[in-house]
Amino acid sequence: MFRVLDAMDAPHTGRILRLRLQAGEAPSVRRLRGARLRATGPDGRTCTATVTGFALFGGRPSDDRLARSGRVDVQVREDDGAGPIGLRWEIELER
């Protein structure tokens, strides 16, 4: 499970989310690429999103960096209209 630390509109389409691992083991970068996410807001709203890529603000994402820091920046496309995903939302990878 991740928590959204920062969220912003991406330059062309979608949103960029800065995520911090809250619980569980860090997934691999390969597993995150193209993954479907379920996001739950502080008010209980939920939406789904798909990872379309990675933001390179802090450098290229790697399994080692994600395991060590617990943080990753992803670009997502929100699949339904319950968003936009914002601060303090909780993110889970769908199975």
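Could you figure out which of (1) over 19 Å from Leu87 (Cα atoms); (2) more than 12 Å from the chain's Cα centre (by Cα) isn't true of Arg33?
(2)
If Asp79 satisfies all but one of (1) touching a residue at least 12 places away in the same chain (Cβ under 8 Å); (2) within 13 Å of the chain's Cα centre (by Cα), what's the number of the condition it fails?
Asp79 satisfies all of (1) touching a residue at least 12 places away in the same chain (Cβ under 8 Å); (2) within 13 Å of the chain's Cα centre (by Cα) except (2).
Are there any pairs with C-beta distances below 8 angstrom linking a residue in the stretch 52-66 that is of a type in the set (D, E, K, R) to a residue that is surrounded by 10 or more Cβ atoms within 10 Å (Cβ to Cβ) and in a loop (DSSP other than H, G, I, E, B), with the two at least 6 apart or on different chains, and if so which?
Taking only residues 6 or more apart or on different chains, the pairs are Asp63/Ala26; Asp63/Ser28.
List the strands (runs of 3 or more DSSP E) inside the stretch 9-95, counting only whole elements, that have at least 1 residues being surrounded by 14 or more Cβ atoms within 10 Å (Cβ to Cβ), among the basic types (Lys, Arg) and out of contact with any Asp or Glu (no Cβ under 6 Å at 6 or more places or on another chain).
15-21, 71-78
Would you please list the contacts, defined by Cβ atoms under 7 Å and residues six or more apart or on different chains, that run from a residue in the stretch 24-42 that is over 20 Å from Ser69 (Cα atoms) to a residue that is of a type in the set (Lys, Arg) and outside any strand (DSSP E or B)?
Within 7 Å, the pairs are Pro42/Arg88.
Quick note: the coordinates plus some simple rules give every number you see, no bench work behind them. The shown structure was predicted, so the numbers you read here are calculated from the model rather than taken from an experiment. FYI the Cβ positions are ideal-geometry reconstructions off the backbone, even for glycines, and counts take in every protein chain you see.
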